[in-house]
Amino acid sequence: MLFAALVSTSKIMAEALCDYINNDRPFLGICLGLQLLFESSEENGPVKGLGLIPGVVGRFDSSEGLRVPHIGWNSLQIEKDAGILDDVASRHVYFVHSYRAMPSDNNEEWVTATCNYGDNFIASVRRGNVNAVQFHPEKSGDVGLSILRRFLHPKSSISKKPAEGKASKLAKRVIACLDVRANDKGDLVVTKGDQYDVREQTEENEVRNLGKPVELAGQYYEDGADEISFLNITGFRDFPLGDLPMLQVLRFASENVFVPLTVGGGIRDFTDANGRHYTSLEVASEYFRSGADKISIGSDAVYAAEEYLQTGVKSGKSSLEQISRVYGNQAVVVSIDPRRVYINTPNDVPFKSVKVTNLGPNGEAYAWYQCTVNGGREGRPIGAYELAKAVQELGAGEILLNCIDCDGQGKGFDIDLVKLISDAVSIPVIASSGAGSPEHFSEVFKKTNASAALAAGIFHRKEVPVLSVKEHLLKEGIEVRM
Ligand code: 1PR
């Protein structure tokens, strides 16, 4: 939809842009800004492009098990004259897309770098002063910033930080998560649940306060987190757009954090106290305008999946469908809040169950994972397996897979759950809940097909820095961005 929207903004705009580029004026296109230069795109298409570069932009082929969208830090093969890319070949840069252009004899004069993901697609093009890249330099940390500086100040020499570990393929992502809510004094704080209970077990029973959101986000960026997630955990009852501090947190954080920001909490249709109705698309758009790169939907996605499974029809009206249709599925994460329910045999429930690694309290050998809404407060008649497959159909681009039982326990991820879900879908899955040591990260990447691992308490409690987790993963032979 975005490709079509950009091209059809106005014929005059497209002609002006073509003139600008044909006059070899300085130009840097990013992601869609590269795809637009080609003849057309299949996204919601076919849609005509500006036609400056021969070729058609097509969707990755996920038929052989490739996870699409391509989300994360990958490496480039420099084909020639890297130009503003300079030393990027040995570093990871951030991609988030489902469509790509392919090199051919007709466009090879343009291609300066490719990236291998399923096939070798075009990662950057250049002709004279005209540059365009498929990845996001503005979200690729210091490597990306040096590319932008070289574009803006062509004569400047940029200091290069030597990279540890040569980039060679899509890296596993380590994500820092900030659960955010107002404390009893009304200040927005970073908190952390213990199985989703965020209150201290003290007489005052106050909301656990682990720091200031913007400061902590900046700290985790500096520490090497590959993404930062903010979860507005009382969004299910407070209206996010009325929650201006949350939007300000986003705006300030996005000024200093140059890796992707995901924001979740309260994304659904809403009617405020004055009777003004806001669609979920308006809520999500405000989050995007405030600096979010991806939004995450929890409760509303459960309701949408339940309705889809009951009717078998995609209504197109759910927040998940509307937001992924307008912004692309790569911008939409579904956050699943399941609790483990032990059973004796798979036939005990009409939901997909797993043979558990550790028996239940009464020796139960199986478990299913019941989805919840409103921050774990209400169990729903749907399992995590059924939900994940349904939301993938409805347009989710990624799954954030929490686990109430493991949340805040520091005893490791629920490997049975992560394996079940990451084997069930072809979109990336982020393992979440329970990280207590670097070994928990290598365990989840070795035993499951998780594309990323998210943690909160281990970082907020300053038990293990992000960098130590990544150094451990590198030692274990797991590709990470350093
Ligand atoms: O339902 O669309 O408003 O979204 C609400 C969002 O807020 C969901 O993503 C939901 O997971 C989250 N949420 C709601 N209540 C809580 C709570 O804790 N009371 N956070 C909550 C759940 C999950 C992770 C957590 C990991 C890692 N937190 O964010 O940080 O479990 O923790 P750990 O490494 O310390 O174990 P909606």
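The values are calculated or read from the model by the stated rules, or taken from the named source; none is laboratory data. Since this is a predicted model, take the numbers as computed values, not measurements. Here the Cβ positions follow ideal geometry from the backbone for every residue, glycine too, while neighbour counts run over all protein chains shown.
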For region 169-221, give me the residue count where each residue is acidic (Asp, Glu), free of Cβ contacts under 8 Å to residues at least 12 places away in the same chain and within 13 Å of the ligand (Cβ to nearest atom).
1
Identify all residues within region 338-356 that are more than 16 Å from the ligand (Cβ to nearest atom) and touching a helix residue (DSSP H, G or I) at 6+ places or on another chain (Cβ under 7 Å); write none if there are none.
351, 352, 353, 354, 356
Mind listing whichever residues of region 421-451 are part of a loop (DSSP other than H, G, I, E, B) and farther than 24 Å from residue 197 by Cβ?
423, 424, 425, 426, 427, 428, 448, 449, 450, 451
Any residue at all in region 19-36 that's of a type in the set (Val, Ile, Thr) and in contact with a helix residue (DSSP H, G or I) (Cβ under 6 Å, 6 or more places away or on another chain)?
no
Pairs under 9 Å by beta carbon, first residue modelled with pLDDT of 95 or more and assigned to a strand (DSSP E or B) in region 326-342, partner of a type in the set (Asp, Glu) and surrounded by fewer than 24 Cβ atoms within 10 Å (Cβ to Cβ), six or more apart or different chains?
338/405; 339/405; 340/405; 340/416; 342/364
Find the strands (runs of 3 or more DSSP E) located wholly in region 357-420 whose residues include 1 or more that are away from the ligand (no atom under 16 Å from the Cβ), and list them.
366-373, 378-383
Let me spell it out: the conditions are (1) within 22 Å of residue 193 (Cα to Cα); (2) without any contact (Cβ under 8 Å) to a residue 40 or more places away in the chain, and residue 466 meets all of them except one. Which number is the exception?
(2)
Taking the condition of being surrounded by 19 or more Cβ atoms within 10 Å (Cβ to Cβ), closer than 23 Å to residue 374 by Cα and away from the ligand (no atom under 12 Å from the Cβ), how many residues in region 249-274 meet it?
3
Which one is surrounded by the fewest Cβ atoms within 10 Å (Cβ to Cβ) among residues in region 439-472 that are away from the ligand (no atom under 12 Å from the Cβ) and over 22 Å from residue 421 (Cα atoms)?
462
Residue by residue through region 406-464, note down the ones that are among the aromatic types (Phe, Trp, Tyr), closer than 20 Å to residue 355 by Cβ and in contact with a Pro (Cβ under 9 Å, 6 or more places away or on another chain).
none
Give me the residue from region 14-42 that is in contact (Cβ under 8 Å) with a residue 60 or more places away in the chain and in a loop (DSSP other than H, G, I, E, B) and, out of that set, nearest to residue 124 (Cα to Cα).
31
